[in-house]
Amino acid sequence: MLMRSLMFVFLSGVVALQMSSSFESWQNTLGEEPAGKADPVANAAVPSGTSILKADAVGHYRGLFKLNGKPVEGMVDTGASAVAINESTARRLGYGAAALDFRYTVNTANGRSEAAVVKLKRVEVGSIKIEDVDALVLRDDALSDTLIGMSFLSRLSSYKAERRSLTMVH
């Protein structure tokens, strides 16, 4: 029952992600560089245990995260119950076929998809490092990007969106 509820709440994040891809394509045709990348130089003045992401042109907080030590572009999504990655990303992070039991069914913006549950060893952004983070793995055709959801955000001591900046504190 809990997993079914988790999957239902996760769907809103998938819809937002699919819409964001369309906006990003439009944005790139204007010659704009997507904002919101985790900037190591900008974060140098930020206290340890704090990370700041800038909103992109459509207001999404995107940045470079490390999942299990590997860099992954992700979008923060407070509407997603868990971190969500696609199957290709999961394999790049070291989760082989044996670790990916796609026994859960979820409805996404692209229709029904199968999902597997994994535990990420570590999720990092800037100087923030959180270990043992629950994540959902969806098929590639159901999820084109990585969502950083509440299984990561709820482990922070605080996070706040203000003046087109998302400040996360561990």
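The values are calculated or read from the model by the stated rules, or taken from the named source; none is laboratory data. Everything numeric here is computed off the predicted structure, so don't read it as measured data. We place every Cβ from the backbone using ideal geometry, glycine too, and count neighbours over all the protein chains shown.
Would you mind finding the one in V123, V83, V46, V106 that is crowded, with 19+ Cβ neighbours inside 10 Å, in contact (Cβ under 8 Å) with a residue 60 or more places away in the chain, of a type outside the set (D, E) and under 19 Å from K160 (Cα atoms)?
On the way: V123 fails: in contact (Cβ under 8 Å) with a residue 60 or more places away in the chain; V46 fails: crowded, with 19+ Cβ neighbours inside 10 Å; V106 fails: under 19 Å from K160 (Cα atoms).
Of V123, V83, V46, V106, the one residue that is crowded, with 19+ Cβ neighbours inside 10 Å, in contact (Cβ under 8 Å) with a residue 60 or more places away in the chain, of a type outside the set (D, E) and under 19 Å from K160 (Cα atoms) is V83.
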Worksheet entry | Residue check, D134 under 24 Å from A55 (Cβ atoms) and within 15 Å of the chain's Cα centre (by Cα) | no
Fill in: Verdict on S51 being under 16 Å from R139 (Cβ atoms), of a type in the set (G, A, S) and at pLDDT 95 or above
no
Discussion item. Given the criteria in a helix (DSSP H, G or I), hydrophobic (A, V, I, L, M, F, W, C) and at pLDDT below 95, does V46 qualify?
Written reply: no
